[in-house]
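So the structure is just underneath, and the comments pick up after that.
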Amino acid sequence: MKKILLTGGAGFIGSHVAEALLAQGASVCAYDSFDPYYPRSIKEQNIRDCTRNPCFTLVEADIRDRNMLSEVIQSNSFDAVVHLAARAGVRPSLEQPQLYAQVNIDATVSLLELCKEAGVQKIVFASSSSVYGNRDGGPFRESDNTDHPLSPYGSTKKAGEVIAHVYSHLYGFSIACLRFFTVYGPRQRPDLAIRKFVRKAIRGESIPMFGDGSSRRDYTHISDIVSGILGALAWVDHSDGRYGIFNLGSSSPIELRQLLAGIEAGIGRPLIIDRLPTQPGDVFQTFADTTLAERELGFRHDIKFEDGLLDFIEWMKGNDLS
C-alpha cells in the first residue's frame, strides 16, 4: 500500500486528490491548517467522506510549523508527497506579499529539507499558470520564458519550481511541478470567480465584471486536474531522480463574457452585471499547451467547459456553504 503525504489535503483540489488516492487503495495523510482564509466548515465538508476511511489520517497544522511537519514526516514512511498547501490568490497576494513568500517559498524549502532528511524523494508540487505573466498569443508551453509573473503569488510559485529543481539536481529527487490552469468544479474555493459569480447569480445579486469581458481563462475541471496529479505521481515513481514541469489545462480558453453567458443560461434568468476596471495583477489570458503532460503523464482534458459549468451550477444549488 502506497503511503502519501498530501499537504493542503482538506482544500478544493486536495480533498478530491485524497478521495482518488483512497479509491486506489493508498494510505493518505492529509496535512492542512484550516486557515481562516475561508470558513472552516467548507473544508470539513470537503473531507467528510474521507474521514470515514480508516486509510485516511488528518493532521491539522500550519505548513510553516517546521517542528510539526518534521514529526509527521519522521514518524511515517511516506512513499511520496503531493504538495498542494499554499497561500493562493493573485489579488490578495498584492496586499500580503511577505505572507505569500513565507507560506509558498519558505515552507516549501522546509518541506524539501525534511524530505531529504527522511529519504522521501518523490514529490508532486502544485505550481500555477500565474508564472507565465501577461502573454499574447498562445498556447503557453513549459519551455516559454517565465521570468515576468505579474503578482507576488505568481512569483512565489515560480520560486517553488526553481527550488524544486535544485533539490532534484543536487539530491536526486524525482519532482513533477504541475502548472494548474484555472481549476473549477465542485468544492471550488469561495474566493474564486466562477463560484462567486454563480452564487451571486443564484441570489439575484450583481456580478462584478472587470474589464470589457474579453479576458480569457483556460478553465480546467477538477476531475481532469486530479487525473493529471495521479499521472504525475506515477511519473515521479522512478528509480532515478528526474525533474519536469507540466501544464495541466483544457487548452480551450473561454472569454469572461462567454462564462457569464453560460452562467446565465444555466441559471435561467438574466444576470445583473456591474462593469468595473481591470484589476492590477490580472493577466489577459491563460492558454495551456498540454502536449508534454499528455505524452509523459497520460493527461487528458475530458470535461467540456459547457458540461462542467452546468454540473457545477447544479452542485452550487445544493451545496454552497459560503
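Only one of (1) assigned to a loop (DSSP other than H, G, I, E, B); (2) surrounded by 18 or more Cβ atoms within 10 Å (Cβ to Cβ) fails for residue 266. Which number is that?
Residue 266 satisfies all of (1) assigned to a loop (DSSP other than H, G, I, E, B); (2) surrounded by 18 or more Cβ atoms within 10 Å (Cβ to Cβ) except (1).
Tell me whether the stretch 13-20 contains one or more residues that are farther than 27 Å from residue 152 by Cα, among the polar types (S, T, N, Q) and out of contact with any strand residue (DSSP E or B) (no Cβ under 7 Å at 6 or more places or on another chain).
No, the stretch 13-20 contains no residue that is farther than 27 Å from residue 152 by Cα, among the polar types (S, T, N, Q) and out of contact with any strand residue (DSSP E or B) (no Cβ under 7 Å at 6 or more places or on another chain).
Can you spot a residue in the stretch 36-50 that is touching a strand residue (DSSP E or B) at 6+ places or on another chain (Cβ under 8 Å) and assigned to a helix (DSSP H, G or I)?
Yes: the stretch 36-50 contains one or more residues that are touching a strand residue (DSSP E or B) at 6+ places or on another chain (Cβ under 8 Å) and assigned to a helix (DSSP H, G or I).
Take the stretch 51-89 and flag every residue that is closer than 25 Å to residue 115 by Cα and part of a helix (DSSP H, G or I).
66, 67, 68, 69, 70, 71, 72, 73, 74
Checking the structure you have, find out if any residue of the stretch 47-57 is in contact (Cβ under 8 Å) with a residue 60 or more places away in the chain and at negative phi.
No, the stretch 47-57 has no match at all.
Does residue 17 fit the bill of being in contact (Cβ under 8 Å) with a residue 60 or more places away in the chain, touching a helix residue (DSSP H, G or I) at 6+ places or on another chain (Cβ under 7 Å) and outside any loop (DSSP other than H, G, I, E, B)?
Considered against the rule, which asks whether it is in contact (Cβ under 8 Å) with a residue 60 or more places away in the chain, touching a helix residue (DSSP H, G or I) at 6+ places or on another chain (Cβ under 7 Å) and outside any loop (DSSP other than H, G, I, E, B), residue 17 comes out as yes.
Testing residue 161 on (1) within 30 Å of residue 273 (Cβ to Cβ); (2) crowded, with 18+ Cβ neighbours inside 10 Å; (3) touching a Ser or Thr at 6+ places or on another chain (Cβ under 8 Å), one condition comes back false. Which one is that?
Just one mismatch for residue 161, condition (1).
Kindly indicate whether any position in the stretch 142-154 is surrounded by fewer than 23 Cβ atoms within 10 Å (Cβ to Cβ) and in contact with a strand residue (DSSP E or B) (Cβ under 7 Å, 6 or more places away or on another chain).
For the stretch 142-154, residues surrounded by fewer than 23 Cβ atoms within 10 Å (Cβ to Cβ) and in contact with a strand residue (DSSP E or B) (Cβ under 7 Å, 6 or more places away or on another chain): present.
Just one of (1) surrounded by fewer than 20 Cβ atoms within 10 Å (Cβ to Cβ); (2) under 30 Å from residue 25 (Cβ atoms); (3) touching a residue at least 40 places away in the same chain (Cβ under 8 Å) trips up residue 299, so point out which.
(1)
Residue 166: out of contact with any strand residue (DSSP E or B) (no Cβ under 7 Å at 6 or more places or on another chain), at pLDDT 95 or above, surrounded by fewer than 20 Cβ atoms within 10 Å (Cβ to Cβ) and closer than 30 Å to residue 115 by Cα, yes or no?
Answer is yes for this residue.
The values are calculated or read from the model by the stated rules, or taken from the named source; none is laboratory data. Fair warning: this is a prediction, and the values are worked out from it, not measured in the lab. All Cβ positions, glycine included, derive from the backbone under ideal geometry; neighbour counts span all protein chains shown.
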